[in-house]
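The values are calculated or read from the model by the stated rules, or taken from the named source; none is laboratory data. Since the structure is predicted, the reported quantities are computational estimates derived from the model, not experimental observations. As a convention, Cβ positions derive from the backbone with ideal geometry for all residues, glycine included, and neighbour counts pool all protein chains shown. Each accessible area value is taken on the protein alone, full model and side chains, heavy atoms only, with ligands, DNA and RNA left out. Shrake-Rupley method; radii C 1.70, N 1.55, O 1.52, S 1.80 Å.
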Amino acid sequence: MALSVGFIGSGMMASALMDGLLAKGIVTDPAQISCSDVWEPARAAAQKKGFQATASNEEVCAMAKDIIIIAVKPNVVPAALADIAKSASSNAVIISIAAGVTLSTLESHIPDRKVVRVMPNTPCLVGESAGAFALGQNCKDEDRDLVARVFGAVGIFPEVQEYLLDAVTGVSGSGPAYVFLFIEALSDGGVRAGLPRSVATQLAAQTVKGAAEMVLRTGKHPGELKDGVTSPGGTTIAGVEALEKGAFRATVISAVTATTKRSMQLGGKDEAEIRNKYNL
């Protein structure tokens with residue numbers, strides 16, 4: 001069945017999702033995707049790809065029959081919800097990808113609608129997203145299947161309890177930025193050791209991709225796979241030692257917890273709750 005999907009917001013994440021839906025055949029005709037944005041260049045870019053672009057959120061709500069995806073900054077979500085509330089005749093499932101905006105907040109504005117929170121990441125542009133979703137109180141099994149179908153086509157999206165979405169944001173939502181930074185640093189190391197930049201970056205990116213595939217395909221613990229590379233007294237263990245001296249693991253853990261905490265703050269949790277209940 002051909003899906004009709006609307007996006008409120010046409011920024012980087014929304015564009016990645018739109019392209020991913022087309023690339024994986026979930027939406028076969030770009031005209032089945034509508035999107036809104038206040039920025040004219042964003043609308044022009046969407047129109048160039050064949051999407052129905054407009055400055056009006058209400059027009060998107062009128063065009064999207066199956067799914068409306070809220071893809072705006074958290075502070076803009078209330079205005080988007082107000083426009084959705086005006087489209088009372090629509091039965092589309094409302095999916096929010098806004099970081100930190102809770103199901104209760106969404107449902108308080110549109111109490112009779114089916115609402116879902118999803119935390120994707122930008123690699124959905126290449127069909128390799130990692131994220132998770134949580135269903136609102138009005139959703140049924142068929143809505144779970146719909147969300148899994150749409151987002152599962154562009155990556156891995158398990159269902160989780162809503163309170164875990166902040167941690168999902170910390171690991172996979174912001175994770176690509178950490179990985180890009182690591183690839184850049186690995187490439188810099190190659191250049192420092194004498195490799196041309198293009199060669200160093202290609203090797204660094206492929207190394208990360210290959211290592212990730214080994215984790216996913218073998219199901220082995222990353223530590224076990226690491227031990228398979230580090231021979232006694234060899235080159236790799238010398239490099240691992242250098243990473244440990246630089247507090248590599250602790251720094252990555254701190255990045256994830258900092259992002260998780262910020263997501264909680266955006267969701268309205270107070271500092272005492274974040275500290276006492278979640279130990280962050």
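Report note on the peptides 78-87, 23-32: ranked by the mean count of other C-beta atoms within 10 Å, highest first, their order is 78-87, 23-32. Sorted on the mean count of surrounding Cβ atoms within 10 Å across their residues, most packed first, peptides 257-270, 109-122, 8-21, 225-238 read 8-21, 109-122, 257-270, 225-238. Near Ala132, the amide H atoms lying under 5 Å from its own belong to Met119; only residues 5 or more places off or on other chains count, and H is placed 1.01 Å from N.
Residues in region 1-53 average 45 Å² of solvent-accessible surface per residue, probe 1.4 Å, ligands and nucleic acids excluded. Between Gln265 and Ala45, the modelled label-to-label distance comes to 2.8 nm, taking each label 7 Å out from Cα in the direction of the beta carbon. Going by the alpha-carbon gyration tensor, a ≥ b ≥ c the square roots of its eigenvalues, is region 1-135 rounded (a/c under 1.5) or, if a/c is not under 1.5, prolate (a/b greater than b/c) versus oblate? Verdict is rounded for region 1-135. Straight-line reach from Lys65: taking Cα to Cα under 23 Å and skipping same-chain neighbours fewer than 8 places apart, the lysines in range are Lys24, Lys48, Lys49, Lys86, Lys114, Lys140. For Leu3, the amide hydrogen comes within under 5 Å of the amide hydrogens of Thr28, counting only partners 5 or more places away or on other chains and with H modelled in the peptide plane. When each full DSSP H helix of the chain is screened for a Cα extent of at least 18 Å along its own axis and an average Kyte-Doolittle hydropathy of at least -0.5, the helices passing are 175-192, 197-218, 248-266.
Given a 1.4 Å probe and every protein chain left where it sits, what share in percent of the accessible area of the chain is carbon and sulfur? The computed percentage sits at 59.
Taking 1.567 mPa s as the viscosity and 4 °C as the temperature, the Stokes-Einstein diffusion coefficient of the chain based on its alpha-carbon Kirkwood radius rounds to 63 µm²/s.
Report the FRET efficiency, 1/(1 + (r/R0)^6), for Val229 and Ile253, where r is their Cβ-Cβ distance and R0 is 25 Å, rounded to 0.05. After rounding to 0.05, the efficiency reads 0.70.
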